[in-house]
C-alpha cells in the first residue's frame, strides 16, 4: 500500500506540473460556468413566462433539480467524455515514451502497485473536477431550496463516472507509447461506453430474431453508462448502478495490469 500511495503522489504531482492539467481544469471550469449560467437563465425565462400567463399550477410543479441541476450535470458528463482522455493519456504511455517503464518493472514493486497508484492519481484529479461542478449547484442552496438527496446523488454520479473513466483511460494508455493514440483510443472507448452501445445493440437486434428485450440486449445496455447516469441524476441510487461502476473499473484495471505485466516478460 505504501508503494501505491507513493506512485499516486508522484503521478498527481506530475499531473499538476504539466500544462495539460491546467488547460483541462480551465476549460472544465469555463464550460461548467457557461452551462450553469445558460441553464439558470433558461429556468428563469420559463418561470417568467409561466408567471405572465398566470399558470401558477405549473409553477408549483417546477423543480430546481429536474429543471436545472439534472440537465447541468448531465451536460457535464458528456463534456467529460472529451476532456478526460487528455488527463489519462500520459499516465502509462509517457512512462514507455520516456523509457522509465523499465525502471518501474524492474523495481521491487508489484504491477498492482503501479496500476492502482496511477488510478488513485487520476481519481484524485477527477475529484477536483467534480468539486468544481459541485460548486455551482451549491450556490442554489443559498438562494433556493433544491432537493439535497437528488443533488448529492447527481454529484456522486459524476464522480463515480469520472473514476470509472479513469480506469478506462489507464487501460488505453497502457497499450501504446504514444499519448496521441492513447487520447484517441480513450475517446473512442468512452463514447462507445457512454452513448453508442444502446444504438449499436438496437440496430443489431432489429435485424435479428432475438429482439431488443433479449438477454444479450439487456446485458449490453447494462454495459452502457448512460442508463446508470440517468437513474442517478434522478436521485435513484440502485445497487445495480453502483455495481456497474465498481465492476467496470475493476475490469479495466485488470486489463491494464495484464498489458503492463506482459511487457515485463518480453
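The values are calculated or read from the model by the stated rules, or taken from the named source; none is laboratory data. Worth saying up front: this structure is predicted, and the values here are computed from it rather than measured. Every residue, glycine among them, receives a Cβ derived from its backbone with ideal geometry; neighbour counts consider all protein chains shown.
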Going residue by residue through the range 115-126, is there one that turns out to be surrounded by fewer than 19 Cβ atoms within 10 Å (Cβ to Cβ) and modelled with pLDDT under 90? no
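Look at residue 233 and say whether it is closer than 29 Å to residue 4 by Cα and at pLDDT 85 or above.
no
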Just to be sure before I move on: is residue 156 touching a residue at least 60 places away in the same chain (Cβ under 8 Å), surrounded by fewer than 18 Cβ atoms within 10 Å (Cβ to Cβ) and assigned to a helix (DSSP H, G or I) in the structure I sent? yes
Just to be sure before I move on: is residue 84 surrounded by 19 or more Cβ atoms within 10 Å (Cβ to Cβ) and modelled with pLDDT of 85 or more in the structure I sent? yes
Can residue 102 be described as at pLDDT below 90 and crowded, with 19+ Cβ neighbours inside 10 Å? no
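Yes or no, residue by residue, for (1) out of contact with any helix residue (DSSP H, G or I) (no Cβ under 6 Å at 6 or more places or on another chain); (2) within 18 Å of residue 230 (Cα to Cα):
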| position | (1), (2) |
| --- | --- |
| 16 | yes, no |
| 23 | yes, no |
| 27 | yes, no |
| 32 | no, no |
| 42 | yes, no |
| 48 | yes, no |
| 63 | yes, yes |
| 70 | no, yes |
| 85 | no, no |
With the range 1-80 as the region, which helices (runs of 4 or more DSSP H) entirely inside it contain at least 3 residues that are in contact (Cβ under 8 Å) with a residue 40 or more places away in the chain, surrounded by 13 or more Cβ atoms within 10 Å (Cβ to Cβ) and under 17 Å from the mean Cα position of the chain (by Cα)? 19-52
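Counting only residues that are assigned to a helix (DSSP H, G or I) and farther than 17 Å from residue 78 by Cβ, how many does the range 219-236 have?
Of the residues in the range 219-236, 5 are assigned to a helix (DSSP H, G or I) and farther than 17 Å from residue 78 by Cβ.
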